[in-house]
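One structure below.
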Amino acid sequence: MEDKVVLLDLWASTFAMRVRIALAEKGIKYESKEENLFNKSHLLLEMNPVHKKVPVLIHDGKPICESIVIVEYIDEVWHDRPPLLPSDPYQRSQ
């Protein structure tokens with residue numbers, strides 16, 4: 001299920017860093033598109049119209065927003081690779 005993966009990113013964002021680390025740990029190839037938050041791209045405004053912020057993961061044309069949600073998504077979609085998060089809900093919350 002490794003279709004096209006794009007990350008709308010900002011190098012200084014710690015939230016985007018969380019997603020970059022998750023993608024690297026899972027060994028997922030992706031295209032990074034650096035955003036200028038003072039001049040937001042049409043793609044960012046289209047993919048995250050409510051909050052208009054990074055990071056946004058676009059997988060197979062579908063946007064996923066919010067870094068922790070993106071990490072959970074990565075873990076579930078690429079489940080054939082070692083997990084990022086514990087399977088126990090309590091341990092995962094900690």
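Every residue in the stretch 24-65 that is charged (D, E, K, R), out of contact with any helix residue (DSSP H, G or I) (no Cβ under 7 Å at 6 or more places or on another chain), free of Cβ contacts under 8 Å to residues at least 24 places away in the same chain and closer than 20 Å to residue 12 by Cβ, please. Within the stretch 24-65, 40, 53 meet the criteria. Residue 35 meets each of the listed conditions (1) under 13 Å from the mean Cα position of the chain (by Cα); (2) open to solvent by less than 70 Å² (accessible area, probe 1.4 Å) apart from (1). The lone criterion from (1) within 12 Å of the chain's Cα centre (by Cα); (2) modelled with pLDDT under 95; (3) charged (D, E, K, R) left unmet by residue 92 is number (1).
Does residue 50 meet the test of being within 12 Å of the chain's Cα centre (by Cα), of a type outside the set (Asp, Glu) and in a loop (DSSP other than H, G, I, E, B)? When the stated conditions are applied, residue 50 does not pass them.
Return yes or no: is residue 6 at pLDDT 95 or above and in a helix (DSSP H, G or I)? Steps first, answer last, please.
Working: at pLDDT 95 or above: yes; in a helix (DSSP H, G or I): no.
Answer is no for this residue.
Can you tell me how many residues in the stretch 66-85 are in a helix (DSSP H, G or I), over 18 Å from residue 12 (Cβ atoms) and either hydroxyl-bearing (Ser, Thr, Tyr) or touching a helix residue (DSSP H, G or I) at 6+ places or on another chain (Cβ under 6 Å) (or both)? Step through it out loud before you land on a result.
Looking only at the stretch 66-85, we keep the residues that are in a helix (DSSP H, G or I), and these are 67-77.
Right, trim to over 18 Å from residue 12 (Cβ atoms) and you get 68-69, 71-77.
Still in the list and also either hydroxyl-bearing (Ser, Thr, Tyr) or touching a helix residue (DSSP H, G or I) at 6+ places or on another chain (Cβ under 6 Å) (or both): 71, 73-74.
The total comes to 3.
The values are calculated or read from the model by the stated rules, or taken from the named source; none is laboratory data. This structure is a prediction, so every number in the text was calculated from the model and none was measured. When we count neighbours, we look across all protein chains shown, and the Cβ atoms used for this are built from the backbone with ideal geometry, even at glycine. Protein only, heavy atoms only, side chains kept; ligands, DNA and RNA dropped before computing areas. Shrake-Rupley method; radii C 1.70, N 1.55, O 1.52, S 1.80 Å.
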